[in-house]
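Single-structure report; data block below.
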Amino acid sequence: MQVTEECAKIMRKYHPHAGVWVAPQHFQPEPGWYDDFYNLIAKEPDWIDGVCFAPWEQHEIMEMRDKLPERYRHNIRNYPDISHNTNCQFPVPMWDNAFAMTLGREGNSARPKAMKYIHNMIEPYTCGAITYSEGIHDDINKVIWCDQDFDSRTEAADTIRDYVRLFIDSEITEELTDLVLRSEDDWAGPILANDGIDRVYRDMCALDDKADEKTRNNYRYQMIKLRIFSDYWTKHKYAADQENEKKAREVLARAAQLGSEAAIKEARSALNLSRDVPAMEEVLSEMQKLADELYKNCKIQLTVTWHHGQRWIRGAYLETAGMPLNDYQYLMGRMKEIEKDSDEERRVGELLACISREDPGEGGIYCSLGTPEGFAHVTQYRTWEEDPGYLKTPLKDHSIYSIMGMFHQMRGWHDEFPMPLSWAWNATALYGTPLEVTFDGLDSEKEYGLKVFYPNAFLKAVHHMQRPEEDTECRFYAGDTLLADRIPRPEIRSGAVWEYNLPKSSYTDGTLRLKWQVYGTLKAFAVSELWIVRK
């Protein structure tokens, strides 16, 4: 605040009528940070004209308004993040993990219907908006927000029609508008169950055959086409890569019959199909041609190597197009380690243990919280319509960017994850919101243990960002019983899984409720997977 005040003095020397709006943005604030901010604002400094509602703020806009002095309550500017798909202010709800791996945080982010809804939800509390952008990949979202600021009664479809008529081609207004609106639905629900992705792709190809050369060379048209092609390619690449992994696991399951050496060789061949015979190669080729055209037309940087992009998570998502969308890296790495053992019996045992990593044993439960099935166990305090920023309710999130960054930093890899991909998907709670999960079907007469993977604590340990005594302060309950009041740094060599004993009192009726509540910090808290193991 002191620095901003000094900047305001210099600014007003040259621009006496300019105003200053401040935003209480903090990625991971410590307790008291927001109290300090609002205490300073309460003094009503004469150099502050208003406040911004921006990404990475702890409070909803209604709470912000109530905390402000009357002087500022009617002078709140909205500074919304319209640019990112995940790890952001308004993430795509329940975004499929396959999209998170291929399209990344800054792939084409067109979400016209969602943007209109969010705008209209916040508008009554603000005096207007200046959208936060990382580039022209969010072009459609910008236009939606501008149109809504002008008249929020305007339907999203009407804005897109104007957009197509003005910027692209009035002869295909209805067809292209329809495709833009339907492509937003491509991101709804599990990717393999979404048949709309295929229909939108087919209709885009038909329109492309109809469009003239000038339209096909229009960069805004090319961005829409690339988004639709990327969705279609991701779906079918994911399906093929998952099938390759399934074949590899079936082979490894027969290691005792085949012999470990033969099983490893055959499993490698199955996994390598993801790289050697990539699915939808012809579609990827079209996407790469579009990337070249977009770089030539408007300097969009969709790769690092050819288009001078910054990095994969900064929009250059085609840089990692060859990345298998399965557990290729984990299985390959484990097989490489296992074959070093000279004992055949141990090798077979380790191969079987590798492919049964998720198996909780008889009467047990395994849950990957970052999948749609796993996230169904997470208590939701609000709907997306009530809380699109997930400030008060947990979200299905992706740690893939931080984990990929870790491996790239350590070994220079762009697209390799020598770990189970389930570590990269998680349920996350922000700003001290509790994370609760519920499981049924436990036997109240049996004893159970619990194993949990915490991605954030794991990353801190790998990066040596904490000293041993700086554990994550978190109260962890099973039912009404406090299991732990902190999460210690893991021993990486032990597999980085935290283990607990469950008291019988926590599941007397066969239902187990687990709850994590951070304290002493407002940093994001996440759980990737857990095992409930019958003893």
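The values are calculated or read from the model by the stated rules, or taken from the named source; none is laboratory data. None of these values were measured; they are calculated from a predicted model. No Cβ is skipped: glycine too gets one built from the backbone with ideal geometry, and neighbour counts run over all protein chains shown. Just the protein is used for accessible areas: all its heavy atoms, side chains included, with ligands, DNA and RNA removed. Shrake-Rupley method; radii C 1.70, N 1.55, O 1.52, S 1.80 Å.
Odds and ends about this structure:
- ARG202 meets the conditions (1) among the charged types (D, E, K, R); (2) in contact (Cβ under 8 Å) with a residue 40 or more places away in the chain; (3) surrounded by fewer than 17 Cβ atoms within 10 Å (Cβ to Cβ) in every case but one. The failed one is (2).
- Qualifying residue in the range 279-296 (condition: surrounded by fewer than 18 Cβ atoms within 10 Å (Cβ to Cβ) and within 30 Å of GLU350 (Cβ to Cβ)): no
- Check on GLY363, in a loop (DSSP other than H, G, I, E, B), buried (at least 18 other Cβ atoms within 10 Å of the Cβ) and in contact (Cβ under 8 Å) with a residue 12 or more places away in the chain: no
- Which numbered condition GLU106 fails, given (1) out of contact with any Gly (no Cβ under 9 Å at 6 or more places or on another chain); (2) at negative phi: (1)
- Where PRO91 falls short, out of the listed (1) out of contact with any Pro (no Cβ under 8 Å at 6 or more places or on another chain); (2) more than 28 Å from GLU373 (Cβ to Cβ); (3) at pLDDT 95 or above: (2)
- Answer from GLU282, GLU266, GLU286 - the residue that is acidic (Asp, Glu), in contact with a helix residue (DSSP H, G or I) (Cβ under 9 Å, 6 or more places away or on another chain) and more than 30 Å from LEU166 (Cα to Cα): GLU266
- Yes/no for GLN301 being open to solvent by 50 Å² or more (accessible area, probe 1.4 Å), closer than 29 Å to ARG216 by Cβ and not in a loop (DSSP other than H, G, I, E, B): no
- Subset tally (residues that are open to solvent by less than 20 Å² (accessible area, probe 1.4 Å) and within 28 Å of TRP384 (Cα to Cα)) for the range 153-190: 11
- Some residue of the range 384-391 being open to solvent by 80 Å² or more (accessible area, probe 1.4 Å) and closer than 26 Å to LYS113 by Cβ: yes
- Test for MET323: is it open to solvent by less than 10 Å² (accessible area, probe 1.4 Å), not in a helix (DSSP H, G or I) and not acidic (Asp, Glu): yes
- Taking residues in the range 24-44 that are part of a loop (DSSP other than H, G, I, E, B), and partners anywhere that are open to solvent by 80 Å² or more (accessible area, probe 1.4 Å), the pairs with Cβ atoms closer than 7 Å and at least 6 places apart or on different chains are HIS26/TRP33; GLU44/ARG71.
- Annotation: of all residues in the range 1-19 being in contact with a strand residue (DSSP E or B) (Cβ under 8 Å, 6 or more places away or on another chain) and assigned to a loop (DSSP other than H, G, I, E, B), the one that is nearest to GLN89 (Cα to Cα) is MET1.
- Residue check for ALA267: part of a helix (DSSP H, G or I), hydrophobic (A, V, I, L, M, F, W, C) and free of Cβ contacts under 8 Å to residues at least 60 places away in the same chain: no
- For the range 27-55, a tally of residues being of a type outside the set (Phe, Trp, Tyr), under 24 Å from CYS88 (Cβ atoms) and out of contact with any Phe, Trp or Tyr (no Cβ under 6 Å at 6 or more places or on another chain) returns 5.
- Note on the range 126-140: residues that are part of a loop (DSSP other than H, G, I, E, B), more than 18 Å from GLN25 (Cβ to Cβ) and of a type outside the set (A, V, I, L, M, F, W, C) total 2.
- For ASN244: the one exception among (1) out of contact with any Leu (no Cβ under 6 Å at 6 or more places or on another chain); (2) assigned to a helix (DSSP H, G or I): (1)
- Single unsatisfied condition, GLU529 versus (1) open to solvent by 20 Å² or more (accessible area, probe 1.4 Å); (2) charged (D, E, K, R); (3) farther than 28 Å from GLU30 by Cβ: (1)
- Any pair with Cβ under 8 angstrom, 6 or more apart, that starts in the range 272-297 at a residue that is at positive phi and ends at one that is among the hydrophobic types (A, V, I, L, M, F, W, C): MET280/TRP233; MET280/ALA240
- Test for THR131: is it of a type outside the set (D, E, K, R) and under 25 Å from VAL22 (Cα atoms): yes
- Residue ID - farthest from GLY432 (Cα to Cα), chosen from residues in the range 366-400 that are assigned to a strand (DSSP E or B) and of a type outside the set (Gly, Ala, Ser): TYR366
- The set of residues in the range 80-134 that are farther than 21 Å from GLU60 by Cα, in contact with a Phe, Trp or Tyr (Cβ under 7 Å, 6 or more places away or on another chain) and open to solvent by less than 30 Å² (accessible area, probe 1.4 Å) comprises TRP95, ASN97, ALA98, PHE99, THR102, LEU103, GLY104, GLY107.
- Of all the listed residues (VAL180, VAL143), the sole one being within 22 Å of ASP212 (Cα to Cα), part of a helix (DSSP H, G or I) and modelled with pLDDT of 95 or more is VAL180.
- Restricting the range 372-404 to residues that are hydroxyl-bearing (Ser, Thr, Tyr) and modelled with pLDDT of 95 or more, the residue that is nearest to the chain's Cα centre (by Cα): TYR390
- Of the residues VAL437, VAL452, the single one that is touching a Phe, Trp or Tyr at 6+ places or on another chain (Cβ under 7 Å), more than 25 Å from ARG311 (Cβ to Cβ) and either part of a loop (DSSP other than H, G, I, E, B) or at pLDDT 75 or above (or both) is VAL452.
- Members of the range 61-79 that are buried (at least 18 other Cβ atoms within 10 Å of the Cβ) and not in a helix (DSSP H, G or I): LEU68, ILE76, ARG77, ASN78, TYR79
- Criterion (at pLDDT 95 or above, within 24 Å of the chain's Cα centre (by Cα) and under 20 Å from ARG534 (Cα atoms)) met by exactly one of LEU502, LEU514, LEU483: LEU514
- Matching residues in the range 27-47 - criterion: being farther than 15 Å from TYR72 by Cβ and loosely packed, with under 15 Cβ neighbours inside 10 Å: PHE27, GLN28, GLU30, PRO31, GLY32, TRP33, ASP35, ASP36
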